[in-house]
Ligand code: SAM
């Protein structure tokens, strides 16, 4: 398996297949990129996944924009799932278009989905998403579960004064619908700085409350030490904001932008490696592989742990933890 200069293995790709979206969430980080001018075809996506799989990558997450906005999304999923060595294809979606597509996506090879859902109040949902219809999302979630996508995880971005008092209700909803709730800390980014300064919620208090009430607490060592709390109402997982050395130390993914560039770090815009240009100009497999390796060599933890804490400067504790 390939490793970056900081010893972190490269296990997964997070591919944005479009930067277009049918919602406009007030806090959206847009996966850390400006709007794309062009989009990759399903064949181009499959080809770059083959290059990464050749270097040991086994998982692909499809994101956007809103991935299901693409008419050829089933073809894209099928193309990725067909690549030898890829064991899991997943997607993050707002689920507004999922109800009609979940069965076809499942048959094409999609294994699981993360659905963005911050509230069960239709009015607040419309305000957060600037016009989204909550009912369509709920239909999408139920269709995904019925189609056998598993697990269906609900991503709830916690925002002070907007949804912090509704966490229990969301845990109950997730559990009734055979889904798992994930609480996500609001991330500061260049697209939503003002919003962040007003609505960022300290998750520590919420975590303390969950700890007190949980029947069981489980830590997922290999996933940025994410913690799962098992409560009477159901189960909930907490994902801290990326401003977190743990997050970087355990990052094992390479991002791909909608317009065909490797993006070695969510937080940076200065170290992309373009592959779509060379691919369209006739690049060979060796050349594409060289570009992939170049992108891997540009990976470094954005937030590093201070020295003298029993850690290496690169923030990686030891190999057993990766
Ligand atoms: N449209 C798809 C969706 O809604 O899942 C995929 C793109 S969206 C950018 C991917 C995920 O990023 C969503 O779960 C969303 O909640 C999360 N996200 C976006 N901006 C964020 C922010 N500022 N802080 C934390 N999470 C954020």
### Query
Taking the simple approach of a point 7 Å from Cα along Cα-to-Cβ for both residue 208 and residue 303, what is their distance in nm?
2.0
### Task
Grab the Cα-Cα distance for residue 285 and residue 218, subtract it from 0.36 nm times how many residues apart they are, and report the gain in nm with one decimal.
19.9 nm
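Name the shape class, rounded, prolate or oblate, that the alpha-carbon gyration tensor gives for the range 56-171, where a ≥ b ≥ c are the square roots of its eigenvalues, rounded holds for a/c under 1.5, and otherwise prolate holds if a/b is larger than b/c and oblate otherwise. The partial results should precede the final answer.
Details: a/c = 2.22, a/b = 1.89, b/c = 1.17.
Cα axes put the range 56-171 in the prolate bin.
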### Message
Within a 10 angstrom radius of the beta carbon, how do 291, 154 rank from fewest other beta carbons to most?
### Response
291, 154
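Taking all pairs of distinct Cα atoms, average 1/r, flip it, and tell me the Kirkwood hydrodynamic radius of the chain in Å to one decimal place.
Working: mean 1/r = 0.0493 Å⁻¹.
Evaluated over the chain, this radius sits at 20.3 Å.
Roughly what % of DSSP beta bridges within the chain run antiparallel, to the nearest 5?
Working: 16 of 48 bridges.
Given both bridge residues lie in the chain, the antiparallel proportion sits at roughly 35 percent.
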### Message
Of the candidates 215, 163, 22, which one comes out as most mobile in a Gaussian network treatment of the chain with C-alpha springs shorter than 10 Å?
### Response
215
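Quick note: the coordinates plus some simple rules give every number you see, no bench work behind them. The structure displayed is predicted, hence computed values, not measured ones. Using ideal geometry, Cβ is built from the backbone for each residue, glycine included, and neighbour counts are taken over all protein chains shown.
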